[in-house]
1. Taking the criterion of being modelled with pLDDT under 90, open to solvent by less than 30 Å² (accessible area, probe 1.4 Å) and in contact with a helix residue (DSSP H, G or I) (Cβ under 8 Å, 6 or more places away or on another chain), would at least one residue in the stretch 43-51 satisfy it?
2. Would you tally the residues in the stretch 424-452 being in contact (Cβ under 8 Å) with a residue 60 or more places away in the chain and either in contact with a Pro (Cβ under 7 Å, 6 or more places away or on another chain) or among the basic types (Lys, Arg) (or both)?
3. Residues of the stretch 794-833 being without any contact (Cβ under 8 Å) to a residue 12 or more places away in the chain and of a type in the set (A, V, I, L, M, F, W, C), which ones?
4. Give all pairs with beta carbons closer than 7 Å in which a residue from the stretch 610-639 that is closer than 24 Å to Val541 by Cβ meets a residue that is open to solvent by less than 10 Å² (accessible area, probe 1.4 Å) and basic (Lys, Arg); count only pairs at least 6 apart in sequence or on separate chains.
5. One residue is enough: does the stretch 776-784 have a residue meeting the conditions under 16 Å from Lys834 (Cα atoms) and either surrounded by fewer than 18 Cβ atoms within 10 Å (Cβ to Cβ) or without any contact (Cβ under 8 Å) to a residue 24 or more places away in the chain (or both)?
6. The conditions are (1) in contact with a strand residue (DSSP E or B) (Cβ under 8 Å, 6 or more places away or on another chain); (2) surrounded by fewer than 19 Cβ atoms within 10 Å (Cβ to Cβ); (3) of a type outside the set (Val, Ile, Thr), and Pro608 fails exactly one of them. Which is it?
7. Considering the stretch 548-578 alone, what residues qualify as being without any contact (Cβ under 8 Å) to a residue 24 or more places away in the chain and either surrounded by 18 or more Cβ atoms within 10 Å (Cβ to Cβ) or not hydroxyl-bearing (Ser, Thr, Tyr) (or both)?
Amino acid sequence: MVNRPVVTGLSPKEGPPGTRVTIRGEFLGAKSSDLVGLTICGCDCLLSAEWKSDKKIIARTGAAKGKGDIIVTTRNGGVGTSTVQFRAYYETIGPMKESAVWIEESPMQSLAWGRRSLAPTGYIQEDPLGLSIEGNDKKFPEDLRDIFPDGSGDLSQENFLPGWFLLENHHATSFEDLKAGLSYLRRRVESQKEGQLSFLKSNAGSVIDQLDTLMALRDRVTQDAKLHGKDQVKDLELAIKNSITASQELFKDVLVRKEKADATRAALSALSRHKFLFCLPNSVEKSASRNEFDIVVNDYARVKNLFGKTEVPIFKKVLEEVDVKILVIRQQLHGKIKEMPQGVEQQKKLVKALISLEVQQAGTTGSSKFSIEDPAWDAIEARAKYLEDTFLKTYEQYTAKEGAPGESKSRSDPNVTPNRVQFCEEMTEIAASQFPDLWRLGQAYFTGELRAVGQPKPGNFKRIILTVIEQFCCYLKTALLPSNTQRSFLAGNLKGLPTWPATNLSLNYLITWMPHCLRYVRVSYATLIRLDLPGEALDIVLKLIDELRLYCLSTILKKANEKVKKLHEKETWEFTVPDFAGATALPSKLEEILSEAIEDAQVICLTPEVRESSLLEPQSDGQREMSKRIQEMLATFSGVIETLALQRSDEDPQQSPMLSQLIGFPAALLQQQVSGDKSWGSSITWEHRLLCCLSNCIYCNKIFFPKLGTLFSKHGYPVPTIAIENSRSTVNILFSSLLDMYVEHKSDPLVGTIEPSMYIGRFQWDQVGPSDKLSPYAHECCDNLVSVYSEIFSISPVLLRPVLEPIVQTVAEELARLMTCVQKFNVNGALQAKIDIHVIRDAVRVYSNDTAKSFFVEALEAIPQVPDSEERTQESVKQIKNNMRLQLMCLQVVDP
């Protein structure tokens, strides 16, 4: 079943005759030859129809009027239907008709002023083949004048050649379409021939009557020529002239009055008709006073179009008066362009009005008495100067308020926004709101929107943009960055301006408000990025942001350092490190402070935003600042350990008591030392605190400080290796110093008891009786070493060897000295001395270094040899060691 064509869409839906319409629908033919009929509002439009596809036809409307259907007829589908209608109308243009363009009034015959001739509308000849030129847009590759030197492709020329026409317009058309076009051309020719023959056939009677009338008229003229001659109207002409002369004599006065009346009416008509011109001087002045400059421009353009070339004196005089008024208005406009503040759109409107008036006036007179070189550029400079003055005024206002009496109090109140922060907020708001207007004004100038003639000034505009941004950044730097930076910027950029008072801003103030200021600067920077500014201008603000980010980082780490300084107040002396005995919670608290500082820095300044680079790039200022502050923090932590180690209360003894059982031993102190509880609280002694500090030093050097690198790696930041290594060296030096202090504190009293205990009761080595027991001084020396061992072991076994080795060495040295100083030994005395030395040496063998061993050898060599004494000595030593196995077992435990 064949579908009938249906029209479902039309564009446009109304118009005068000749309107080009696009018809859309379904089943409009498979090819152009299928289209055999098209009527719009009952008018045949097939000749102008251009078939595009089975859903689209383009045609021009005929001489119809009113609403009507669009009926498409195809070869296979027959007559179609339409769901839309086209409204045809005749458009007339007159003096009362609204129009989108000025319609020049027809000039009076008595007034001869110039008028622009209207160019005739170009006529586009339709394709005689009725084919579309789609696909033939590209020009034929060869010059057709070389192929057809005497021909032409123009249908209206006598030397028209079809080959030229086909190559020029249809070189890409298929052969089948050309055959269809030929058929279409033949149909058009046949239809024109059939129209002429049908007209003659239908009006044959009228044609015959016309021929009879012409024959009769010829016969009558021939007869009159025979009767009156060839000049038949001479007498009639003479009679008419005489009657005209007589009538003029009769109505002369009437005609004179009529001419006067006509002249008067013509003058009144001219005044009424050209009332616009005569009232224009006053109307433009009133419109200018109401700031309606667009009306002034339109009226002036209209009067120049209508009367610009007039030669009528009165019109020329009025035009001269209008030109004088326009000169004054142009001066007013130029002044208003520079008035600030005002919106950029209002400023652009004034610039356009001024340019239009200047161009129109210069185009008419050839020159202007008041020539403005470049009003758009003057507007740009005025807006830039206003922005710079606003920055300066704000800067001077807030620097004056900074020294006010109540300002220092407001800085300490966290609920009151400080003066410098208010200045930063206002400066960034000014930049974000007013700088885009300056940039948009400049862009309108360079795109030609605000420029009539002449070349733009890109270099000058770039200088203006860079100057404004540099001043904006300099003002903020002087307020937010340290005073030395402030003075350097003022010396280089804002010399002569007042500076901010030199006040030491607290870390609480900086840590609270500097991130706030950085956020405001970043918001204004984002506004500038959206304007698509050149990179050189954006880099100035980016440098300020990087400096603020670096300052924020430094402030955060300084604040963390202040917290580290107060860690000695939070030391509880509790052992919280499970894998390292003796280490307290102090390093973990440092880790908490450092982790919190890094997280704050990551949120505030380390995370880069648009166009920002990483602050911790290798060899950058940020990395150096981070390393410097971390090293300061770790050095401060070492100082906290030192403070805790050296801090003594009034209850702590300034020197270790004399631990002599023979002279007298302080039992309370012994009980306190061997209590061994790890949650001492406030009862911990200074010796215990010192051992905890030594344990913390070892823990920090071996485990904690190297582990800090993972804290930075976790957040994706480079590890401050140099700072960590330097801090390890610092804590090592502190460990050596504290170790020497503890060893000296313990060894001096212990060694000092040996000689008094040895010679108590006027003991003499040459008066010793037989004995198989250990001497009291040697027994006491072993007990004192066990006491020191137990104190160290209860705190941190890792300190056993570092502490006991120098103490044992001191003890061995003292024994060697005492043995060397003995003047005389009896046999029993020599045996007893050897037993004592052997027992002590064997007891501390694990903690004896080479020096201590040499001192023990020296002590034994100082004792005289007794015949057959080796066996007796070994038996006695073995028995004594068996009796003292508990004490000796403690000293034989190897340190972890």
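1. Scanning the stretch 43-51 turns up no residue that is modelled with pLDDT under 90, open to solvent by less than 30 Å² (accessible area, probe 1.4 Å) and in contact with a helix residue (DSSP H, G or I) (Cβ under 8 Å, 6 or more places away or on another chain).
2. Looking only at that region, the number is 3.
3. Cys821
4. From the stretch 610-639, the pairs are Leu615/Arg549.
5. Yes: one or more hits.
6. (1)
7. Passing the criteria: Lys566, Glu569, Lys570, Pro578.
For (1) buried (at least 18 other Cβ atoms within 10 Å of the Cβ); (2) over 46 Å from the mean Cα position of the chain (by Cα), each residue gets a yes or a no:
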residue	(1), (2)
Phe307	yes, yes
Lys317	no, yes
Val322	yes, yes
Val328	no, no
His334	yes, no
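The values are calculated or read from the model by the stated rules, or taken from the named source; none is laboratory data. Here the structure is a predicted model, which is why all the values come from computation and not from measurement. Cβ atoms come from the backbone with ideal geometry, glycine included; neighbour counts cover every protein chain shown. Note: areas computed on protein heavy atoms with side chains; ligands, DNA, RNA excluded. Shrake-Rupley method; radii C 1.70, N 1.55, O 1.52, S 1.80 Å.
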